[in-house]
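The values are calculated or read from the model by the stated rules, or taken from the named source; none is laboratory data. This is a predicted model, so every value here is computed, not measured. Positions of Cβ are generated from backbone atoms using ideal geometry, with glycine treated the same way; all protein chains shown enter the neighbour counts. Heads up: the accessible areas ignore ligands, DNA and RNA and are worked out on the full protein's heavy atoms, side chains in. Shrake-Rupley method; radii C 1.70, N 1.55, O 1.52, S 1.80 Å.
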Amino acid sequence: GSALGRQVNTMYGQALVLSNRTTEALELAERMQAAGAGGNDPAWRASALLIRSEYESWAGNSAKAHELAAHAREVAAPSQDEYVRFATAYAAGVTARMMGRVEVSLASLEEARALAELAQSPYRQASAFYQLSVLDMMLRQADRAYENALAAHRHAKAAGSAFGMVRAKMAESAALEALNRPRQELAALQEALTIARGAGSRVAEALAVVN
């Protein structure tokens, strides 16, 4: 359906940016913007804004990336598209954190987490809990960071996402370091590597090795 097509296009556009195929990504955003022109559902416009926000992040323009993500979140608010509402809240939260705007980040990420729960999507829940854990570390709230990392791992496991599980274990390890629990910190790191190797995930394994 239209919602699935929009989700695929949005994720593809973001992937194009990360692959340095930025011209193609921005052209896709233009087509998505046009697809939403004059329609009742603002989700196409919000999705186009998300791709542009990803581009600005890639280009190092954090302020512009957050401005576009926050605008996308506002545009998506009345939409019935649960993915777009989640993705815009998530992007607004991540970009706000990169700007050091912790209250805005927390509100956006909590909204993303709630929308993920409503959609019963373990992968989205894992992503939101992971970002909340990263934010908690920034706020020097290691106990809460640890709890959110555990939740991220639980949902990533339910989603069958090796990358999500490894990322959650890295967040857990960071929290344990801050809590001065070196034995558990090392165990979490080793578990991250084991998960990555077991899944044959090169990206996840690289993440574990680097950290």
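Figures for the structure shown
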read-out	value
Unique residue being in contact (Cβ under 8 Å) with a residue 40 or more places away in the chain and either buried (at least 16 other Cβ atoms within 10 Å of the Cβ) or under 30 Å from Leu68 (Cα atoms) (or both) when the list is Ala156, Ala168	Ala168
Residue check, Met138 open to solvent by 60 Å² or more (accessible area, probe 1.4 Å) and either modelled with pLDDT under 95 or β-branched (Val, Ile, Thr) (or both)	no
Residues located in the stretch 37-65, provided they are farther than 20 Å from Tyr12 by Cα and in a helix (DSSP H, G or I)	Ser62, Ala63, Lys64
Test: Ala72 is farther than 20 Å from Arg21 by Cα, open to solvent by less than 50 Å² (accessible area, probe 1.4 Å) and aliphatic (A, V, I, L, M)	yes
In the stretch 48-69, residue nearest to Ser19 (Cα to Cα) [restricted to those that are surrounded by fewer than 21 Cβ atoms within 10 Å (Cβ to Cβ) and among the acidic types (Asp, Glu)]	Glu56
Number of positions in the stretch 75-90 that are open to solvent by 20 Å² or more (accessible area, probe 1.4 Å), in contact (Cβ under 8 Å) with a residue 12 or more places away in the chain and either among the aromatic types (Phe, Trp, Tyr) or in a loop (DSSP other than H, G, I, E, B) (or both)	4
Residues (touching a residue at least 12 places away in the same chain (Cβ under 8 Å), open to solvent by 10 Å² or more (accessible area, probe 1.4 Å) and among the aliphatic types (A, V, I, L, M)) located in the stretch 29-42	none
Selection status of Gly13, open to solvent by 20 Å² or more (accessible area, probe 1.4 Å) and either touching a His at 6+ places or on another chain (Cβ under 8 Å) or small (Gly, Ala, Ser) (or both)	no
Of residues in the stretch 16-28 being open to solvent by 50 Å² or more (accessible area, probe 1.4 Å) and without any contact (Cβ under 8 Å) to a residue 40 or more places away in the chain, the one nearest to the chain's Cα centre (by Cα)	Ser19
Condition check for Arg113: open to solvent by 50 Å² or more (accessible area, probe 1.4 Å), of a type outside the set (A, V, I, L, M, F, W, C) and in contact with a Leu (Cβ under 9 Å, 6 or more places away or on another chain)	yes
Selected residue [closer than 17 Å to Met11 by Cβ and within 13 Å of the chain's Cα centre (by Cα)] from Ala91, Ala76	Ala91
Lone unmet requirement of (1) open to solvent by 60 Å² or more (accessible area, probe 1.4 Å); (2) farther than 14 Å from Ala3 by Cα; (3) of a type in the set (D, E, K, R) for Arg45	(2)
Residues that are surrounded by 15 or more Cβ atoms within 10 Å (Cβ to Cβ) and free of Cβ contacts under 8 Å to residues at least 12 places away in the same chain, drawn from the stretch 183-193	Gln184, Ala187
